[in-house]
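FYI, it's all coordinate maths here, none of it is from the lab. Nothing here was measured: the structure is a model prediction, and the numbers come from that model. Cβ coordinates were reconstructed from backbone atoms using ideal geometry, including for glycine residues, and neighbour counts include every protein chain displayed.
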Amino acid sequence: MGKTLLLTSFQTWMPHQRSNSSDDLIAELLRSRTVSPTLQTLRHLPVNFQQAPLQAIAGVNRVRPHVLLCCGMSERSQTLNLESRAIAPRETLYTPFNLDRLVDGLTMTQISHDAGRFVCNYLYYAMLRYVRDQHLNLPCLFIHVPILTEANRWVILNDFQKILHRVCHSQPLVDFPDESRYLQSLDLLPNRRYVDVALDSHAS
């Protein structure tokens, strides 16, 4: 049986946004004929510092995936950005994936070392911390998705499909503990004020 991959996407957060490109990309993937039956999605997470990680953690414990990919929109980017790290005031957490291998040969994908200071970075940090503190074998990665256009849509989708294949290769299975204590501990995440900034349109 194949390894289960969980993909997450966000809702919109600004009035001018008709959709969130992270969800647009997942929708394109689901319309394609290459979707694995082991692919699960958690779509339209709220752009909210508390609710996004709470819903993502609940989704992880419901689906029990072997790989977790969280996706968000970057209106300023022209490429898929694989985020290497999530930054909090007192620590920085890194994805366990070898990003050089993931981007090798891809035409519209690059490595980024700055996930922003908004909900994307906060969700990424919360999930990496959850995985670490609960001692899970659950590799996690955040991907920023550019606005999809007729010019870039199929190239982006092609890169994304290759990334999904690569992240699912030879990943260990997951042993899940009870999540209740960790859900309560989310309120104690280090000083959320550093990301409580005015809404910024470059990343969800």
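Quick notes
- Inter-site label distance for residue 117 and residue 14 at 7 Å from Cα along Cβ, in nm: 1.7
- Among 129, 64, sorting on how many other beta-carbon atoms sit within 10 Å of each Cβ, with the fewest leading, yields 64, 129.
- C-alpha center-to-center spacing [the range 1-23, the range 52-115] in angstrom: 12
- The packing ranking, built from the mean of other Cβ atoms within 10 Å per residue, places the peptides 18-25, 54-61 in the order 18-25, 54-61, highest first.
- The packing ranking, built from the mean of other Cβ atoms within 10 Å per residue, places the peptides 95-103, 133-141, 77-85, 147-155 in the order 77-85, 133-141, 95-103, 147-155, highest first.
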